[in-house]
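A short reminder: the numbers here are calculations on the coordinates, not readings from a lab. All values derive from a computational prediction rather than experimental measurement. Positions of Cβ are generated from backbone atoms using ideal geometry, with glycine treated the same way; all protein chains shown enter the neighbour counts.
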Amino acid sequence: MDSMFSNKAFGEKIGVTFPLLSDWGGDVTRQYGLYNPKYKAARRINILIDKEGKITELQLDKEAVDPTKIVETCEYHNPKKKTAP
């Protein structure tokens, strides 16, 4: 539910080169059942989707705080950067 500007700054900070979803307003968050009404915010989630639309990695809540694993997995699947996660 962060703004696209917040996501851009976060992406630059951690060095990602792939798009991050900005769900300003929370429509997608609610559609996927990730809205937490107690905190009036989305649950933290990282989803890596391949070019065919298949989810290849999913991290939820505490696992999603540090995006290092999902970034490494994304880089592993990049044919220009073949390093094991």
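Brief remarks on what is shown
- For Cα extents along the principal axes in Å, calculated from these coordinates, the label among (i) 46, 22, 17; (ii) 99, 39, 9; (iii) 41, 25, 24: (iii)
- Residues in segment 59-67 carry Karplus couplings, in order, of 10, 10, 6, 4, 5, 8, 5, 9, x Hz; the curve used is 6.51 cos²θ - 1.76 cosθ + 1.60 with θ = phi - 60°, and Gly or Pro positions show x.
- Sites Lys54 and Ile14, calculated FRET efficiency, Cβ-Cβ separation with R0 25 Å, nearest 0.05: 0.60
- Between Lys62 and Arg30, the modelled labels are 3.0 nm apart [label points 7 Å from Cα along Cα→Cβ].
- Taking Thr68, Thr29 and counting other C-beta atoms within 10 Å, the order from fewest to most: Thr68, Thr29
- Over the chain, DSSP H runs of length four or greater, each weighted -39,500 (n - 2.57), average out per residue to a 222 nm ellipticity of -8000 deg cm²/dmol.
- Backbone geometry of segment 19-24 corresponds, through the Karplus equation with coefficients 6.51, -1.76 and 1.60 at θ = phi - 60°, to 3J(HN,Hα) couplings of x, 10, 6, 9, 10, 4 Hz, x marking Gly and Pro.
- Scanning residues 5 or more positions from Ile49 or on other chains, those with amide H under 5 Å from its amide H are Thr56, with H placed 1.01 Å from N in the peptide plane.
- Whole-Hz couplings from phi, Karplus 6.51/-1.76/1.60, listed for segment 68-77; x for Gly and Pro: 3, 4, 6, 5, 4, 5, 4, 5, 5, 7
- The chain: angle of helix 4-14 to the longest principal axis, Cα-based, in degrees nearest 10: 40
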